[in-house]
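All remarks here apply to the structure that follows.
The values are calculated or read from the model by the stated rules, or taken from the named source; none is laboratory data. Note that this is a predicted model, so its numbers are computed, not measured. Here Cβ is always computed from backbone atoms with ideal geometry, including for glycine, and neighbour counts include all displayed protein chains. Surface accessibility is based on the protein's heavy atoms, side chains included, excluding ligands, DNA and RNA. Shrake-Rupley method; radii C 1.70, N 1.55, O 1.52, S 1.80 Å.
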Amino acid sequence: QVQLVESGGGLVQAGGSLRLSCTASGIFFRINHMGWYRQAPGKQRELVAQISIGGVTHYADSVKGRFSITTDNARDTVYLQMNSLTPEDTAVYYCNSIPIQRDYWGQGTQVTVSS
């Protein structure tokens with residue numbers, strides 16, 4: 001059973017930065033396109049950044065130019081570098097494959113941006 005584990009969230013002031021990490025057992029990241037998703041209170045979960053097996057990235061318009069999704073060389077960890085954070089970025093952040101594999105949602109990591 002694959003377990004996705006997100007970490008790196010926290011409380012940060014507007015304009016600050018955080019780097020989130022996602023790890024998984026086995027070769028999950030090497031055989032799946034991966035994405036970072038977030039869910040703000042009262043809103044649906046949304047995809048904010050994605051990286052293909054080949055390393056091609058795409059971003060939601062709301063985070064373009066501020067967020068960066070990367071993996072390590074072994075593709076054992078997926079990162080989300082978040083810069084110039086705003087209160088609108090406050091959410092629980094999750095990683096999962098693209099397309100989503102519903103059985104593998106982790107606990108997520110809370111990001112709170114204060115104004």
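In the context of the full set of protein chains, the range 49-115 has a per residue accessible area of 50 Å² (1.4 Å probe).
Excluding Val63 itself, calculate the net charge of residues whose Cβ lies under 11 Å from the Cβ of Val63, where each Lys or Arg counts +1 and each Asp or Glu counts -1. Charge balance near Val63 sits at -1. Can you work out the PRE-style zone for Asp76? Point 7 Å along Cα to Cβ, and I want the residues of the range 28-44 with backbone N under 18 Å. It comes to 28-32, nothing else. Using θ = phi - 60° in the Karplus curve 6.51 cos²θ - 1.76 cosθ + 1.60, the 3J(HN,Hα) couplings for the range 34-49 round to 10, x, 9, 10, 9, 9, 8, x, x, 10, 6, 5, 10, 7, 10, 7 Hz; x is entered for Gly and Pro.
With a ≥ b ≥ c the root eigenvalues of the C-alpha gyration tensor of the chain, is it rounded (a/c under 1.5), prolate (a/b larger than b/c) or oblate? Prolate, because a/c is 1.5 or more and a/b exceeds b/c. Here the Karplus relation 6.51 cos²θ - 1.76 cosθ + 1.60, evaluated at θ = phi - 60°, turns the backbone of the range 53-61 into coupling constants of 4, x, x, 7, 10, 9, 9, 5, 4 Hz, with x for every Gly and Pro. Is the C-alpha gyration tensor of the range 15-57 telling us rounded, prolate or oblate? Criteria: a/c under 1.5 is rounded; beyond that, a/b larger than b/c is prolate, otherwise oblate. Prolate shape, in that a/c is at least 1.5 and a/b is the bigger ratio.
Relative to the Cα centre, what is the charge dipole magnitude of the chain, using +1 at the beta carbon of each Lys and Arg, -1 at the beta carbon of each Asp and Glu, and rounding to the nearest 20 debye?
Values: 9 positive and 8 negative charges, 17 e Å.
With only Lys, Arg, Asp and Glu charged at Cβ, the dipole is about 80 debye.
The apolar share of the surface of the chain, taken as the fraction of accessible area on carbon and sulfur atoms (1.4 Å probe, ligands and nucleic acids excluded), comes to 47 percent.
DSSP bridge analysis restricted to the chain gives an antiparallel fraction near 90%, rounded to the nearest 5. On the basis of the beta-carbon distance and an R0 of 22 Å, Asp61 and Gln110 show a calculated FRET efficiency of 0.40. Taking amide H as placed 1.01 Å from N in the peptide plane, Thr86 has its amide H under 5 Å from the amide H of Gly15, each at least 5 places away in sequence or on another chain.
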